[in-house]
Amino acid sequence: MLLELLTWPEVETYLQTQNAIVLPIGSTEQHGPTGIIGTDFVCAGAIARGLHKTLDALVGPTIPFGMAEHHTGFPGTISLKPATLTHLVQDCVGSLAKHGFRKFFFLNGHGGNIAVLRTAFTEVYREWPQVQCRLANWWTNSDTYQFVKEQYGDKEGSHATPSEIALTMHITEREVRLPLAPAPADSGIFSPEDFRRRYPDGRMGSDPTVATAEDGHRLYNLAVAALGRQYTEFVRETG
Ligand code: NI
């Protein structure tokens with residue numbers, strides 16, 4: 001079920017027997033010269049809809065914005081300040097908690113959101129002690145990790161990675177192919193200006209030229225299966 005396609009009485013009926021929801025969250029930010037700006041929310045949203053298809057999980061609208069301050073030196077990036085993102089998460093959870101939702105499975109597509117989401121969950125628990133929030137990054141399960149390691153090795157890098165770009169090629173059927181010089185390795189993240197100086201085309205150590213839509217299809221299936229298991233376990237846990 002997709003929340004946006006339900007009526008309120010249908011949500012009320014759902015809440016008579018269940019109290020979990022998947023909330024996909026990403027970011028709107030540069031992904032190097034060949035990666036689309038929406039990469040992180042496109043990936044999170046598609047995998048979340050995969051949980052809707054395979055498990056009939058209730059999936060909320062994708063939150064397209066994340067904490068992407070370090071990418072703001074590149075045009076097209078839209079970032080929320082850490083405090084804004086914390087409040088956004090608190091407000092979304094709080095609204096749904098009021099109706100009886102208790103388990104929130106944040107399916108995350110952006111590394112920069114991790115610290116902020118953890119902070120937001122802490123704030124949520126002050127207000128809603130009966131709520132449980134789970135952070136699930138689509139790329140950190142062992143199946144996906146293994147595939148990426150075997151397929152890309154060192155070419156994966158840490159931003160504008162072939163794995164995320166392969167996934168968007170599969171989901172959007174759009175491919176941007178350009179010759180790319182080797183990208184500088186991850187040497188830290190400071191200000192947006194410094195980021196652009198260190199990583200002039202936006203990539204951190206990655207070679208996305210090796211990405212293919214076929215890899216993306218495989219990654220999609222692996223991620224949907226792995227995240228589906230994590231979601232099912234989370235829903236079954238008592239408390
Ligand atoms: Ni990304």
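The values are calculated or read from the model by the stated rules, or taken from the named source; none is laboratory data. Since we're looking at a predicted model, the values are computed, not measured. Note: ideal-geometry Cβ built from the backbone for every residue, glycine included; neighbour counts use all protein chains shown. These area figures cover heavy atoms from the full protein model, side chains too; ligands, DNA and RNA do not enter into them. Shrake-Rupley method; radii C 1.70, N 1.55, O 1.52, S 1.80 Å.
Miscellaneous remarks
- Just so you know, in segment 97-116 the residues that are surrounded by fewer than 21 Cβ atoms within 10 Å (Cβ to Cβ) and either among the aliphatic types (A, V, I, L, M) or in contact (Cβ under 8 Å) with a residue 12 or more places away in the chain (or both) include one that is nearest to the ligand (Cβ to nearest atom), and it is G111.
- Cβ-Cβ contacts under 7 Å between residues 6 or more apart (or on different chains), taken from a first residue in segment 213-236 that is closer than 14 Å to C43 by Cα to a second residue that is among the aromatic types (F, W, Y) and surrounded by 20 or more Cβ atoms within 10 Å (Cβ to Cβ), are listed as A223/W138; L227/W138.
- Selection count where residues are within 14 Å of the chain's Cα centre (by Cα), within 16 Å of the ligand (Cβ to nearest atom) and outside any strand (DSSP E or B), scope segment 12-67: 19
- For H170, the conditions (1) over 17 Å from the mean Cα position of the chain (by Cα); (2) within 16 Å of the ligand (Cβ to nearest atom) all hold with the exception of (1).
- Qualifying residue in segment 184-205 (condition: under 25 Å from A57 (Cβ atoms) and within 15 Å of the ligand (Cβ to nearest atom)): no
- Among the candidates D154, D194, residue that is open to solvent by less than 90 Å² (accessible area, probe 1.4 Å) and either assigned to a strand (DSSP E or B) or more than 14 Å from G216 (Cα to Cα) (or both): D194
- From the list S206, S187, S163, the lone residue that is among the small types (G, A, S), part of a loop (DSSP other than H, G, I, E, B) and touching an Asp or Glu at 6+ places or on another chain (Cβ under 7 Å) is S206.
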